[in-house]
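Student: Handing you this structure, nothing more for now.
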Amino acid sequence: ELKVEQNPLFLSMQEGKNYTIYCNYSTTSDRLYWYRQDPGKSLESLFVLLSNGAVKQEGRLMASLDTKARLSTLHITAAVHDLSATYFCAVAPYSGGGADGLTFGKGTHLIIQP
Amino acid sequence: EAGVVQSPRYKIIEKKQPVAFWCNPISGHNTLYWYLQNLGQGPELLIRYENEEAVDDSQLPKDRFSAERLKGVDSTLKIQPAELGDSAVYLCASSLGLAGGSEQFFGPGTRLTVL
């Protein structure tokens, strides 16, 4: 059974600081996704990571994937208040093909204070 | 391009009543998913469709939940009868499949409250 663990689950940080959210998963996979969810809203796709060593960046967010360690990180650089949200990582089981359903972590609730 | 459309956005019912949710995926997306999201948790897959075929319904509680996607486009998720524990947000997502990196796009969700 695929399990996805995120840490930390809650994070309060100051604007301008850097921080990293970690996502570990339990079984082989080569497809990992990061989503953002604002309160009362749906999930917004941030990054799609499809191979070992994949690194993607968008603004102050950078995501990476290490399939051998079964680990993905979401790094926040010089945080700003607008990045306050809940961030989910999600993993698709390795099936060699197909658009399988995702297994999500519990989410990291991020609060960025001025 | 329109995103995934869901209705209703909110639904309040009494326990033991039936309820149905509707989803229209992004045009051209053959794969459709229903997820359930409890408060403070990540979404959990209920069912996945490839066109009109349910290819993964292993997590769908079949005693009270049913779903259909008759023409391979719109989908309906039904609960009958609803229980208090069914209160949650029901999310629909769609995907191009492997052609799009299997990226899933989510609708706004239906927030169900069972009293």
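Bear in mind these aren't lab numbers, they're just calculated from the coordinates by the rules spelled out. None of the values given here were measured: they were computed from a predicted structure. Cβ: placed from backbone, ideal geometry, glycine included. Neighbour counts: every protein chain shown.
Student: Of B:ALA67, B:ALA93, B:ALA20, which is the most mobile in a GNM of chain B whose springs link Cα atoms less than 10 angstrom apart?
Tutor: Maximum among the listed residues: B:ALA20.
Student: For chain A, calculate the relative contact order in percent as a whole number, restricting contacts to Cα pairs under 8 Å that are 6 or more residues apart.
Tutor: Computed over chain A, the figure is 36 percent.
Student: Could you give me the ³J(HN,Hα) list for segment A:51-66, computed from phi with Karplus coefficients 6.51, -1.76, 1.60 and θ = phi - 60°, whole Hz, x at Gly and Pro?
Tutor: Per-residue couplings from phi come out as 8, 4, x, 4, 9, 9, 9, 9, x, 8, 10, 9, 10, 9, 9, 10 Hz.
Student: Next question. Excluding residues on the same chain fewer than 8 positions from A:LYS106, give the lysines whose Cα lies under 27 Å from its Cα.
Tutor: A:LYS3, A:LYS17, A:LYS41, A:LYS56, A:LYS68, B:LYS11, B:LYS62, B:LYS78
Student: So how strong a dipole does the protein assembly as shown carry about its Cα centre when Lys and Arg Cβ are +1 and Asp and Glu Cβ are -1, to the nearest 20 debye?
Tutor: 400
Student: Further question: For segment A:1-78, state which trypsin sites (Lys or Arg not before Pro) are in a DSSP loop and have at most 13 other beta carbons lying within 10 Å of their beta carbon.
Tutor: Passing both the DSSP loop test and the Cβ count: A:LYS3, A:LYS17, A:LYS41, A:LYS68.
Student: Read phi for every residue in segment A:30-37 and hand back ³J(HN,Hα) as whole Hz from Karplus 6.51 cos²θ - 1.76 cosθ + 1.60, θ = phi - 60°, with x for Gly and Pro.
Tutor: Whole-Hz 3J(HN,Hα) from phi for segment A:30-37: 10, 9, 9, 10, 10, 10, 10, 9.
Student: So, how do all the Cα-to-Cα distances of chain B break down into 10 Å bins, in percent, from 0 on up?
Tutor: Cα pair-distance distribution for chain B, in percent: 15, 50, 30, 6, 0.
Student: Mind listing which GluC sites (Glu not before Pro) in segment B:23-52 are in a DSSP loop and have 14 or fewer other Cβ atoms within 10 Å?
Tutor: Qualifying residues, ordered by number: B:GLU52.
Student: Looking at chain B, what % of its DSSP beta bridges pair antiparallel, to the nearest 5?
Tutor: The antiparallel proportion sits near 90 percent.
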